[in-house]
Amino acid sequence: MKGKLATLPMSYRLAVTSRVLAAVFGGYLVAALASVTLTLWLPLSRAEAVVTGMTISFLVYLVAVLWCFACRTAWSAWVGLLVPSVILATISGAARGLGWHERGLSSGDGLAAHLDRTGVRLVAVRDFSDRDAGVFQG
């Protein structure tokens, strides 16, 4: 095994190392920017937009890692991650510049208030206390 590793040229080892670094750090950068951009631009409440953006960021990270190892050269892997990063950062900056980061429901307003505005009434469910637990013990 030692002899086989020594036959690999240093340029090949550096290219693989560069791809790994691009996949780990560049992929994280693209995924984080995609999450922020989606959170700012999705027409959902703030909580739903954050959850949706974070969920989709896992897929973006997966695609970024696959991209890094599917490219012919390490340079194209880095460029393929940095160009979308710049685009996503620009879109996020535009959203912040427009004041869209302040949109959404406030912390005291939530699903119940939204449903109340639409005419749907929620029924409160009573929590069972310890004295009610005996009913379920059989």
Can you tell which of 94, 112, 74 is over 18 Å from the mean Cα position of the chain (by Cα), at pLDDT below 95 and within 15 Å of residue 25 (Cα to Cα)? 74
Please verify whether residue 57 is surrounded by 18 or more Cβ atoms within 10 Å (Cβ to Cβ) and part of a helix (DSSP H, G or I), treating the condition exactly as stated. yes
Given the criterion of a type in the set (A, V, I, L, M, F, W, C) and crowded, with 17+ Cβ neighbours inside 10 Å, identify the matching residue among 51, 65, 16. 65
In the range 48-66, the residues that are within 30 Å of residue 14 (Cα to Cα) and touching a residue at least 24 places away in the same chain (Cβ under 8 Å): 57, 58, 60, 61, 64, 65
Which of the numbered conditions does residue 82 fail, given that it passes all the others? Conditions: (1) crowded, with 16+ Cβ neighbours inside 10 Å; (2) modelled with pLDDT of 90 or more. (1)
In the range 4-21, is there at least one residue being aromatic (Phe, Trp, Tyr) and either outside any helix (DSSP H, G or I) or modelled with pLDDT of 95 or more (or both)? no
Residues of the range 68-79 satisfying the condition of being in contact (Cβ under 8 Å) with a residue 40 or more places away in the chain and assigned to a helix (DSSP H, G or I): 68, 69, 74, 77, 78
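The values are calculated or read from the model by the stated rules, or taken from the named source; none is laboratory data. Computed from a predicted structure; not experimentally measured. No Cβ is skipped: glycine too gets one built from the backbone with ideal geometry, and neighbour counts run over all protein chains shown.
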